[in-house]
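Everything below concerns the one structure shown next.
The values are calculated or read from the model by the stated rules, or taken from the named source; none is laboratory data. Everything numeric in this text was worked out from a predicted model, so none of it was measured. Cβ placement follows ideal geometry from the backbone for every residue including glycine, while neighbour counts extend to all protein chains displayed.
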Amino acid sequence: MGSMIDFKRPDGSTCKGYFAEAGPGKSGGKPGIVVIQEWWGLNDQICGVADRFARAGYNALAPDLYKGRVTQKSDEANHMMSGLDFVGASDQDIAGAVKHLAGIGGKVGVMGFCMGGALTIAACARVPGIAAGVPFYGVPPGQLADPARIKVPIQGHFANTDDWCTPAVVDAFEKAMIAGGQKPEIYRYDAAHAFASERSEAYHVKSANAAWERMLAFLGKHL
């Protein structure tokens, strides 16, 4: 089990986050992974993902982008996501988490779900020091992150039945990356949005397990 810590942002201020260490006293030299929350906030689900990464041998840090606010109501989650400073979340909170993990271990990757998936892509386009990114069913608008600016390996996991991060959005993102000279590894699942979340009605065990195994193999290669 991890715990809440404070870490520095590039602007010198601090951000809180849930840190799960790769084995007690064994964090040194281990690769790191920044886990980016869904629109619900930094809840037990996301902390559990960080713990799962720690058991797999990664130092995991999930920055608290909502500064302590968590909800289970969709309308409130939408309100909080709409009010989020996405540039600040990427260039300060996530960038600070990347630097913190790099300071205690090896290479650092970024991954996230839904809103966190979009921010994963944004961070890969905007933040230095990231070695690889794994977005789940989230793509940011082009004005936040130009896919052509992404120069690190990307493995994406998306749902074929998704009215938020639609298949058309995914296709456009993949084409833009390819046009920029990159070769993203994109997987599409016959499932719905949030298929990897055990707390979602859309949770799809087969797809979630396949995505996790593919992600671990990908991170093992690039981190």
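Under the condition of being modelled with pLDDT of 95 or more and either surrounded by fewer than 19 Cβ atoms within 10 Å (Cβ to Cβ) or not in a strand (DSSP E or B) (or both), the residues counted in the range 8-38 number 10.
Let's see how each residue does on (1) within 23 Å of residue 55 (Cα to Cα); (2) touching a His at 6+ places or on another chain (Cβ under 8 Å):
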position	(1), (2)
163	no, yes
169	no, no
173	no, no
176	no, no
193	no, no
197	yes, no
204	yes, no
209	yes, no
216	yes, no
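When residue 101 is tested against (1) buried (at least 17 other Cβ atoms within 10 Å of the Cβ); (2) in contact with a Lys or Arg (Cβ under 8 Å, 6 or more places away or on another chain); (3) within 27 Å of residue 7 (Cβ to Cβ), only condition (2) is not met. The test for being surrounded by 14 or more Cβ atoms within 10 Å (Cβ to Cβ), out of contact with any Lys or Arg (no Cβ under 7 Å at 6 or more places or on another chain) and within 23 Å of residue 140 (Cβ to Cβ) holds for residue 108. Here are some conditions: (1) part of a helix (DSSP H, G or I); (2) more than 29 Å from residue 44 (Cα to Cα); (3) among the basic types (Lys, Arg). Residue 99 meets all but one. Which one does it not meet? Of the numbered conditions (1) part of a helix (DSSP H, G or I); (2) more than 29 Å from residue 44 (Cα to Cα); (3) among the basic types (Lys, Arg), the odd one out for residue 99 is (2). Is one or more of the residues making up the range 66-84 buried (at least 24 other Cβ atoms within 10 Å of the Cβ), more than 19 Å from residue 156 (Cα to Cα) and either at pLDDT below 95 or of a type outside the set (D, E, K, R) (or both)? Scanning the range 66-84 turns up no residue that is buried (at least 24 other Cβ atoms within 10 Å of the Cβ), more than 19 Å from residue 156 (Cα to Cα) and either at pLDDT below 95 or of a type outside the set (D, E, K, R) (or both). Note on the range 53-87: residues that are touching a residue at least 12 places away in the same chain (Cβ under 8 Å) and either not β-branched (Val, Ile, Thr) or not in a loop (DSSP other than H, G, I, E, B) (or both) amount to 24. If you check 134, 139, 108 for being closer than 16 Å to residue 159 by Cα, in contact (Cβ under 8 Å) with a residue 60 or more places away in the chain and hydrophobic (A, V, I, L, M, F, W, C), only one passes: 134.
Flag not set for residue 153, criterion: at pLDDT below 95 and either buried (at least 23 other Cβ atoms within 10 Å of the Cβ) or in contact with a strand residue (DSSP E or B) (Cβ under 7 Å, 6 or more places away or on another chain) (or both). Restricting attention to the range 166-223, the residues that are within 22 Å of residue 60 (Cβ to Cβ), in contact with a helix residue (DSSP H, G or I) (Cβ under 6 Å, 6 or more places away or on another chain) and without any contact (Cβ under 8 Å) to a residue 60 or more places away in the chain add up to 1. Within the range 85-110, which residues are under 17 Å from residue 53 (Cα atoms), at pLDDT 95 or above and out of contact with any helix residue (DSSP H, G or I) (no Cβ under 6 Å at 6 or more places or on another chain)? 97, 98, 100, 101, 102, 107, listed by residue number. Per the conditions (1) at pLDDT 95 or above; (2) of a type in the set (Lys, Arg); (3) over 16 Å from the mean Cα position of the chain (by Cα), the sole criterion not satisfied by residue 214 is (3).
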